[in-house]
Amino acid sequence: MNPVNRCQVAIVPTEDIERFEREFVSLITLAVGKKELEAVGVSRPWIRSRSG
């Protein structure tokens, strides 16, 4: 509970945050990386299907 406004607060363990950061990237990071890869002739190497 937040001591200032008495609202409930979700506490996320540090390990969960670190795991999330290892597994996912922001769209900004992905866009910058995409432009850099396309500049050297690589196209869409990170796209993978979750269905297959």
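The values are calculated or read from the model by the stated rules, or taken from the named source; none is laboratory data. Remember, predicted model here, so these are calculated numbers, not experimental data. No Cβ is skipped: glycine too gets one built from the backbone with ideal geometry, and neighbour counts run over all protein chains shown.
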Those residues of segment 13-52 which are more than 16 Å from the chain's Cα centre (by Cα) and either part of a loop (DSSP other than H, G, I, E, B) or modelled with pLDDT under 75 (or both) amount to 13, 40, 41, 42, 43, 44, 45, 49, 50, 51, 52
Pairing a residue in segment 6-30 that is more than 28 Å from residue 43 (Cα to Cα) with any residue that is modelled with pLDDT under 90 and not β-branched (Val, Ile, Thr), where Cβ atoms lie under 8 Å and the two sit 6 or more apart in sequence or on different chains, gives 7/1; 8/1; 8/2; 9/1; 9/2
